[in-house]
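Dumping the structure here so I can ask a few things about it.
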Amino acid sequence: MGENKQKVVDLYSRLTTNIEKVIIGKEQAVQLAVIALICHGHVLIEDVPGVGKTVLAKSLAKSLGCRFTRIQFTPDMLPGDVTGISIYNQKDKAFEFRPGPIMTQILLADEINRATPKTQSALLEAMEERQISVDGTTYPIPSPFIVLATQNPIEYEGTFPLPEAQLDRFLIKIRLGYPSLDNEINILTLQKIVHPLETISTIVEVDELLEVQELVKNVFISDKAKKYIVEIVRATRDHPDVYLGSSPRGSLGLFHTCQVLAAINDRTFVLPDDVKKLAIPVLAHRLVINPGGRVKNITPELIIEEIIARIPVPGGTDLDQP
């Protein structure tokens, strides 16, 4: 897999280098976004206003030669504003479908939790099955189809929490946080004349992305590593402070993201360290803490850290043997 492995490493390196021209000092967040992209997965970026959520999503989209659409979600938005509607054509005396902004390849769902739950749910079918249904007719969405959604923390005024079913459809959740002192000074310097987002260009074409998405599926993952993933996920369901643990979709998400992490690190096999590194961004948003846990200020991140600390780490030479 030598040459194929290099294609994955090369695509990852070009994407991260391009995005980091705009997103300063957030290497881990950029890495997670690119991993999700290679996994054909959707990304939820949550943080306070002004830290670069939309800029991260737009810089990733601009780096790809894909059709890009942005939806600014608002409380008065209707599901038809997302999916499209059927309109009666008086000339042809028939209804014709007018596709909505969701019929794209890279969809930026900006401030997704500003919309009502009914409108949020318009994305459910599209995110899982890559299709939409309008008036009983199903319309396929172009491939690749990736949703990059931003949201403000639910404590902020005017937000509606995303349903658990929709959260589960996001492969990875990213938090950016405030920049360090030096990085914030650097941001001021870079944006003195023009925003860096205007200077980046497309560096990955659709066919190249689709090829790499297939190549990473060949990364070896041993039975021990698979068991380790499943044990972590199952432990979230049995935890006393958790009302709702991760679904099997979480196991699959951790499985596939670990394959990509191994590939971009120039390996043909998955290590337990890959699982540890990705467990929180892949699983934390899928957990619902029960009232008792919330009273104790227990967070999903703390629960996953505790689970990783107590579950034995697999070892042995068969971790890297196909």
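The values are calculated or read from the model by the stated rules, or taken from the named source; none is laboratory data. Everything quoted here is computed from the prediction, not taken from an experiment. Cβ sites come from the backbone with ideal geometry, for glycine too, and all protein chains shown count toward neighbours.
Of the residues in the stretch 42-54, how many are over 13 Å from R175 (Cβ atoms) and in contact with a helix residue (DSSP H, G or I) (Cβ under 6 Å, 6 or more places away or on another chain)?
1
Within the stretch 142-163, can you find the residues that are more than 19 Å from I106 (Cβ to Cβ) and surrounded by 14 or more Cβ atoms within 10 Å (Cβ to Cβ)?
The answer is N152, T159, F160, L162.
Moving on. Given the criteria more than 24 Å from P163 (Cα to Cα), in the same structural domain as Q166 (by TED's automatic domain parsing) and not in a strand (DSSP E or B), does S59 qualify?
It is true that S59 is more than 24 Å from P163 (Cα to Cα), in the same structural domain as Q166 (by TED's automatic domain parsing) and not in a strand (DSSP E or B).
Looking only at residues that are within 24 Å of L44 (Cα to Cα) and surrounded by 12 or more Cβ atoms within 10 Å (Cβ to Cβ) in the stretch 131-141, which one is modelled with the lowest pLDDT?
If we take residues in the stretch 131-141 being within 24 Å of L44 (Cα to Cα) and surrounded by 12 or more Cβ atoms within 10 Å (Cβ to Cβ), then S133 is modelled with the lowest pLDDT.
Scan the stretch 69-82 and tell me whether some residue there is in a helix (DSSP H, G or I), surrounded by fewer than 21 Cβ atoms within 10 Å (Cβ to Cβ) and touching a Gly at 6+ places or on another chain (Cβ under 8 Å).
So far as the stretch 69-82 goes, yes, one or more of its residues are in a helix (DSSP H, G or I), surrounded by fewer than 21 Cβ atoms within 10 Å (Cβ to Cβ) and touching a Gly at 6+ places or on another chain (Cβ under 8 Å).
Separate question: Among what's in the stretch 83-104 and is out of contact with any Pro (no Cβ under 8 Å at 6 or more places or on another chain) and part of a loop (DSSP other than H, G, I, E, B), pick the residue that is nearest to R130 (Cα to Cα).
So the residue we want is I102.
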